[in-house]
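Trainee: Supplied in C-alpha cells, the structure appears directly below.
The values are calculated or read from the model by the stated rules, or taken from the named source; none is laboratory data. Since the structure is predicted, the reported quantities are computational estimates derived from the model, not experimental observations. Here the Cβ positions follow ideal geometry from the backbone for every residue, glycine too, while neighbour counts run over all protein chains shown. Note: accessible area is taken over every heavy atom of the protein model, side chains too, but ligands, DNA and RNA are not part of it. Shrake-Rupley method; radii C 1.70, N 1.55, O 1.52, S 1.80 Å.
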Amino acid sequence: MTTTVIRTALWLGVLDALAGAALLGFLYIPEANVLMLALSTLLVIVAFVLLAVSSTSAAHGLVHGIAPWSSVGAAARHLPLVVFALLVLGVLCGGAGWFETWWMSRAGEVDAAAIVAGDITRTGWVHTAVHWIVALVQWVLVPAWLATALAWIAGYERRDVLTLKWLTAGLGWRILLVTLAGMVLLVWLPWRYVYWRPRILPASSVQVVFAGAKLLLIYLLAQIAWALCLWTAARRVPTLATTSIAPAPAVPATASDTV
C-alpha cells in the first residue's frame, strides 16, 4: 500500500508541476497580438489536460493495479466523463460558497429574528456552524466525491457515472475519514507553517534554499493526501464491480425439468 501511494503521489506531483509550469507561462505571456493570445489559450488547455490526466490516470492505475503511466491512454479516453463530473462538483462547490455568502450577508437579519422570536442574543455559533459546514462540503465532501467519481470512471466508464450514483458512494465513512485526515494533517497543518523559518537562519541564499525545500515538502504532502483519497476510493470499486455484475448462480436441473 505504501509503495503504491508514494508512486501515485510522485506521478501526480510530476504532472501537476508540469501543469503549473504551463499556467506560469500563461501568466508571463503578453497578449499583445493574436499569436500570443492563441499561445496563452493553448497553455491553459494544456494545463487543464495535464491536471485531468494526472488524477484520472492515477485512479485508473489504482483500480486496475497497474502503473499510472500505463493508464494515460485510458485517462485520455475518459476525459469527457471527467469533465462531466467536474461540472457537477463545480455546481455543488459553487452552490455551497454562494449559500455561505448569502447567509453571511443576512446575518444581521437572522440575529434580529432570533431576538424577536425568543429574545435570543447569542447566535454567533449559528454563523460559525454555517461556515464550518460549508468548509466541510468544499474541502472534504467535494474531494471525496471527485476521488470516487474518478475511481468509478476507471472501473465502470459510463455505467453508473452519468446516473450520479458515485455521489452516494462518495459518502462512505472510509473515504470521508481519509479525506478529512488528509486535508487536516497533510494540507491544512503544513500550510500553517508556510511562512515559518528558524530565526537563526542566516539572511543569505540559505533562506532561499530553505524556503524552496519547505514549499516542495508542503507540495509533496498535498499530493500524498490526494493519492490516499484516490487509493481509498479505488479499493471499493472492484468489490462493487464484483457484486454488481456477477452472474446469477446456475440452478441445477431436477428430474421434473427433464420430463
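Trainee: If the requirement is being among the hydrophobic types (A, V, I, L, M, F, W, C), closer than 19 Å to residue 76 by Cα, touching a Gly at 6+ places or on another chain (Cβ under 8 Å) and assigned to a helix (DSSP H, G or I), which of these qualifies: 19, 47?
Mentor: 47
Trainee: How many residues, within segment 168-181, are without any contact (Cβ under 8 Å) to a residue 60 or more places away in the chain, within 16 Å of residue 137 (Cβ to Cβ) and in contact with a helix residue (DSSP H, G or I) (Cβ under 7 Å, 6 or more places away or on another chain)?
Mentor: 3
Trainee: Is it true that residue 131 is in contact (Cβ under 8 Å) with a residue 40 or more places away in the chain, under 30 Å from residue 223 (Cα atoms) and more than 15 Å from the chain's Cα centre (by Cα)? Show your work before the answer.
Mentor: Numbers: in contact (Cβ under 8 Å) with a residue 40 or more places away in the chain: no; under 30 Å from residue 223 (Cα atoms): yes; more than 15 Å from the chain's Cα centre (by Cα): yes.
Judged against the criteria, residue 131 is not a match.
Trainee: Among the residues of segment 140-186, which ones are open to solvent by 40 Å² or more (accessible area, probe 1.4 Å) and among the polar types (S, T, N, Q)?
Mentor: Scanning segment 140-186 gives 163, 168.
Trainee: Just name the residue that is farthest from residue 12 (Cα to Cα) out of those in segment 192-218 that are open to solvent by 70 Å² or more (accessible area, probe 1.4 Å) and assigned to a helix (DSSP H, G or I).
Mentor: Going through the qualifying residues, I end up with 205.
Trainee: May I ask you to list the residues in segment 62-76 that are surrounded by 13 or more Cβ atoms within 10 Å (Cβ to Cβ) and assigned to a helix (DSSP H, G or I)?
Mentor: 62, 63, 64, 68, 69, 71, 72, 74, 75, 76
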